[in-house]
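Reviewing the structure listed below.
What follows is calculated from the coordinates using simple rules that are stated; it is not laboratory data. The structure displayed is predicted, hence computed values, not measured ones.
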Amino acid sequence: MPAQLHTIRQKNVAYGCSKGMDQYKTVPLPYTGEQLRGMFKRFDTNGDGQLSRQELRNAFRSLGSAAPGWRAFRALGHADRNGDGQISEAELDNLVGYALKHGYTVN
Ligand SMILES: [Ca+2]
Ligand SMILES: [Ca+2]
């Protein structure tokens, strides 16, 4: 499991009661928009401030998508408003909305 997802989960667990923490680890928790935004940003691996289709694919794979390539294609179609094939900072909200709509969870 990539380190960043581990961090997010630990953060979620921390919100729970300290008693019965093991229980919290097995319950899938939905990502918040803020978590998704931060996660997608970390997948900008070449640091150009935009998410390419390949970077999106890596992000969706990390989210546990069974078909990350297809999901990246669909997400681009939904969120890439100017049609340059990349998700810019301004388009990130659309991408986060798309991911939220599909209910990605921490598990
Ligand atoms: Ca990039
Ligand atoms: Ca774009």
Item to check | Residue-span extension gain [Glu34 to Leu100] - 0.36 nm each, minus C-alpha spacing | outcome: 22.7 nm
Item to check | Gain on full stretching of the segment that runs from Arg42 to Gln54 - 0.36 nm per residue minus C-alpha separation | outcome: 3.0 nm
